[in-house]
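Computed from the coordinates by the stated procedures, all read-outs in this text should not be read as laboratory data. This one's a predicted model, so the numbers in the text were calculated from it and none came from an experiment. Backbone-built Cβ (ideal geometry, glycine too); neighbour counts: all protein chains shown.
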Amino acid sequence: MTAIPLWVRRPAGERVGWLRTVDHKEIGVLYIGMGIAFFALGGVEALLLRAQLATPEARLLDPETFNQAFTVHGVTMIFLAIVPLLVGFANYLVPLMIGAPDVAFPRLNALSFWLSLIGGIVLYFSFLAGGAPDTGWFSYAPLSERAFAPGTGVDYYILGLAVNGAGTIIGAINLAVTILLMRCPGMSISRVPLFVWMTLVTSVLILGAYPAFTAALVMLFVDRQLGGHFFDPSGGGQVVLWQHLFWFFGHPEVYIMILPAMGMISEVIPVFSRKPIFGYAFVAGSSVAIAFLSFSVWAHHMFAVGLGDTENAIFSATSMLIAIPTGVKIFNWIATMVGGRLRMTTAMLFAVGFIAMFVIGGLSGVSLAVVPIDLAVTDSYYVVAHLHYVLFGGTMLGIFAGTYYWFPKMTGRLLSEVLGRWHFWTTFVGFNLTFLPQHWLGAVGMPRRVFTYAASTGWGPLNLVSTIGAATLAVAMVIFFVNVVRSLRSGEIAGDDPWDAFTLEWSTTSPPPPENFASIPTVTGRRPLWDRKHPESRDAR
Amino acid sequence: MRPPADAIGTLSLIVGVIALLIFIGVEGALVYAIWRYRASRLVAGEAAAFEGNRRLEIAWTAAPALILAVVFVLTLGTMAEINGAGVAPAMRIEAIGHQWWWEFSYGGVKTANELHIPVDTPVDLEVTSADVIHTFWVPELGPKKDMLPGVTNRLRLLARRAGSYDGQCAEFCGIEHAWMRIRVVAESQSDFDAWLRTQTQPRATIETKAEPIFLANICVNCHTIRGTAAAGTAGPDLTHVGARATIGAGVLLNGVGRMRAWLADPQRYKPGALMPSVPLSDADLDALAAYLVSLK
């Protein structure tokens, strides 16, 4: 195992290092480890759901277990898997990409991680303490009020996510300050790598969105534990208030989960196309546009609530508008590939897979902004399909692209390209088998969050296909796991710069030393490493 | 007016075709770029450092904006249409969502889980909830509408075809969300009128053996059988329960044998439902099941 220098070298015999580390790379690895562990748990929960739904009127899971499983699956994947994975990559990479020795507040960074993890542990402790939350990840009032959810599950949801959210908010402050204040000489804000740009925008989104959710959680806690009536109509409260607060957080949260993954493929695609990103300013600027708009679209989750046609029309318009900067990104990625010399490595396959699948999630997203169509398919499996095309077809494929790309930097070893191709294609087939049929199921009337369905509905065959797809996805994840373990032990040695890349993290060793760089670098363009390798054709910007 | 489902169908078709064309265009460009520019079919070396093109950026910002503007205008039109703008409803029916069944009220005449409407007639459903949020959704009749406690929402229904339409609650509402199914029966005006007349009547069967069993047990705490002393309101009105197609909001088809099984142990078929098992002798169960199914 000595051949895996994943962590910073420290004196022999020091075993508690991971517990007290303040090194951004180690904390990044901790975050990624947390994300992978919870991704596995959330995946097992998803497999249980799909097993129960494979056939009509099945009795594999009782309804209570099913309701806990889908609730915890959603909460896990969003708060404990995807966000920590993305924050983990940002933690590891942002200082390296901007030529900084660490983040601005290394101790706060450790606090962020441990709060995030403890929040997750608190949530999962509910399984031992009498039952997990069973009201869905958005836990609508009044179902989540004590009158209808008398167990402690919702209380663990509140506590776990409030603590987890505090960690995420502190982490966002840290990353934003780091990006704004710790860039190396020459790295103007118009020269930072796009992954760093997306991390900055994401951090601002977190600062705007998470506090609204924390406030809502506190209000729900007051209702449940102190006899409040914020969301209780019998006491003069309003049930819809929860939805406004939740989705004011919940929709920006979608962009919190997709923008960093977009940042990842914005690094991968240029390197493997052997070209600079097409339209750097437009890719960065469109993210800012998305960030602003994302705070004005929340009520498109509430078209069926009956807010009124005027309100629905306004939120329909803003939701359609946000498709424009999103489309700009897709066009720019494809334009980056045009005229390039594409090396179809596994990282590039996943990046291209992101574009291909995200287009589907984006188009179904626009259809949900069309109020009458939304009223037909909202709260159905159509929405389940849509959100998984965004968060799995988009975010997770982006994270896999980033993993194949940066694993050598973090470990000094390359992941196997052979296993990588198996991983990609089983993921691609399994993912589409699982989620493509769900569009149809939702359109013909299958609501989300049902623990079973009548045989007379005729939904059985497509559900079976979906479950077979989920099993295929599980195989894909096993292949990935084998690849990681094998490559950690005996993967090909990567060297500093295995991809002939463009950005600063590849100019230091793999893995980097504790101080990241022997001396703080100076840059003159957007592709500092390219400039260093090709002094005769340096970038103009 | 057109049935809301037809209006949504037309709009979905238009948006679907636009989406399909964009899908083919973007995925086609992606696949072409991969095929055309993969390194293995090109000479070795670096690509030209081509950084962007302002005109292209403007074009692919403006083109989607124009398409979306068209979609938005169509959206506004269809929104007004499915709400029945300008067309007064011929009748209003109240619908109240309960954990986990539906109450329908025709001017005070109550029934449950099965909504009857006259065909070809615009009907407004005024929806609310007795507990948590539910959503009324019958896919073939078009849009859904949330049922919120303390709020009354309106949903326009119009069925062109006589027959039954299945639906179910779309907002997660607790443990038995999956078995909160709706059946809408659309029938000719004369059939509907006859049905409504029957519903207005008290119970059909005056039965001296089984009725006292019902009245002597906790059944009466939650259920009403008009014409008897049973006047509970927490559960479905059973005055004409025998005429309904299903038991337990869709969990079992109606019939004496299944009614008996349901009465003997509702939690077996709908675990978590608010109806408890009532300890009754086999003979009492037989009599009660036959009695309830006879209430047409």
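Result for chain B in a Gaussian network model with C-alpha springs under 10 Å: among B:F214, B:F192, B:F72, the largest mean-square fluctuation is at B:F72. Against chain A, whose longest principal axis comes from its Cα atoms, helix A:83-97 is set at around 20 degrees. The Cα atoms of the protein assembly as shown define a convex hull whose projected area, averaged across directions, is 35.8 nm². Taking amide H atoms as placed 1.01 Å from N in the peptide plane, the amide H of A:L342 lies under 5 Å from those of B:R38, B:A39, each 5 or more residues away in sequence or on another chain. Expressed in units of 2.2 N^0.38 Å, where N is the residue count, the Cα radius of gyration of segment A:173-290 is 1.44. What number does segment A:112-157 give for Rg over Rh if you use C-alpha atoms and the Kirkwood radius? Radius of gyration relative to Kirkwood radius: 1.03.
Maximal additional length on extending the A:E417-A:K533 stretch stands at 39.2 nm, based on 0.36 nm per residue less the C-alpha distance.
Taken over segment A:113-254, the convex hull of the Cα atoms encloses 108 Å³ per residue.
Which cross-chain or sequence-distant (5 or more) residues have an amide H under 5 Å from the amide H of B:I117, H modelled 1.01 Å from N in plane? Answer set, sorted by chain and number: B:V185, B:A186, B:E187. Just need log10 I(q)/I(0) for segment A:90-185 at q = 0.17 Å⁻¹, Debye formula, equal scatterers on the alpha-carbon atoms, no solvent, rounded to two decimals. Rounded to two decimals, the profile gives -0.74. Using the Cα coordinates of segment A:430-541, the gyration tensor eigenvalues translate into equivalent-ellipsoid semi-axes of 50, 20, 12 Å, sorted from longest to shortest.
Value of Rg to Rh for segment B:31-166, rounded to two decimals, is 1.33; Kirkwood radius and Rg both from alpha-carbon coordinates.
Sparsely packed loop sites in segment A:32-121 (the GluC sites (Glu not before Pro) outside DSSP H, G, I, E and B with at most 16 other Cβ atoms within 10 Å) comprise A:E57. Loop-resident GluC sites (Glu not before Pro) (DSSP state other than H, G, I, E or B) in segment B:1-91 with no more than 14 further Cβ atoms inside 10 Å of their Cβ: B:E46.
Shielding of peptide A:268-278 by partners, expressed as the average count of other chain Cβ atoms within 10 Å per residue Cβ, is 3. Applying D = kT/(6 pi eta Rh) to segment A:489-541, where Rh is the Kirkwood radius over alpha-carbon pairs, T corresponds to 20 °C and eta to 1.002 mPa s, the Stokes-Einstein value obtained is 175 µm²/s. With the alpha-carbon atoms of chain B aligned to their principal axes, the span from lowest to highest coordinate is 95, 47, 33 Å, starting with the largest. Answer rounded, prolate or oblate for segment B:230-296, using the Cα gyration tensor with square roots of eigenvalues a ≥ b ≥ c: rounded when a/c is under 1.5, else prolate when a/b is larger than b/c, else oblate. Cα axes put segment B:230-296 in the rounded bin. Under 1.5 on a/c is rounded, so check that first for segment B:149-296, then, if it is not, pick prolate when a/b is larger than b/c and oblate when it is not; a ≥ b ≥ c are the square roots of the alpha carbon gyration tensor eigenvalues. Cα axes put segment B:149-296 in the oblate bin.
Residues of segment A:489-514 with an amide N closer than 20 Å to a point placed 7 Å from the Cα of A:R343 along the Cα-to-Cβ direction: A:491-512. Taking chain A as the reference, fit the longest principal axis to its C-alpha atoms, fit the long axis of helix A:309-321 to the helix C-alpha atoms, and give the angle between the two in degrees, 0 to 90, nearest 10. Approximately 20 degrees, to the nearest 10. Arranged from fewest to most other beta-carbon atoms within 10 Å of their beta carbon, B:C173, B:C219 become B:C219, B:C173.
Would you kindly calculate the translational diffusion coefficient of segment A:292-444, applying Stokes-Einstein with the Kirkwood radius from alpha carbon pairs, for 25 °C and a viscosity of 0.890 mPa s, and quote it in µm² s⁻¹ without decimals? Roughly 144 µm²/s, to the nearest whole number.
Its DSSP H runs of at least 4 residues, each contributing -39,500 (n - 2.57), put the calculated 222 nm mean residue ellipticity of chain A at -21500 deg cm²/dmol, to the nearest 500. Close amide-amide hydrogen proximity is noted between A:R541 and A:R526, each under 5 Å apart and 5 or more residues distant or on a separate chain (H modeled in the peptide plane; Pro and chain starts excluded). For segment B:173-279, the relative contact order comes to 25 percent (Cα pairs under 8 Å, sequence separation of at least 6). Take the Kirkwood radius over Cα pairs of segment A:404-495, plug it into Stokes-Einstein at 37 °C and 0.692 mPa s, and you get 216 µm²/s for translational diffusion. The mean number of partner chain beta-carbon atoms within 10 angstrom of a residue's beta-carbon across peptide A:142-148 is 4. Sorted into 5 angstrom bins from 0, the C-alpha pair distances of segment B:1-99 split as 2, 9, 11, 13, 12, 11, 9, 8, 7, 6, 4, 4, 2, 2, 1, 0 percent.
Look at the stretch A:336-349: the mean tally of other chain Cβ atoms within 10 Å of its residues' Cβ atoms is 5.
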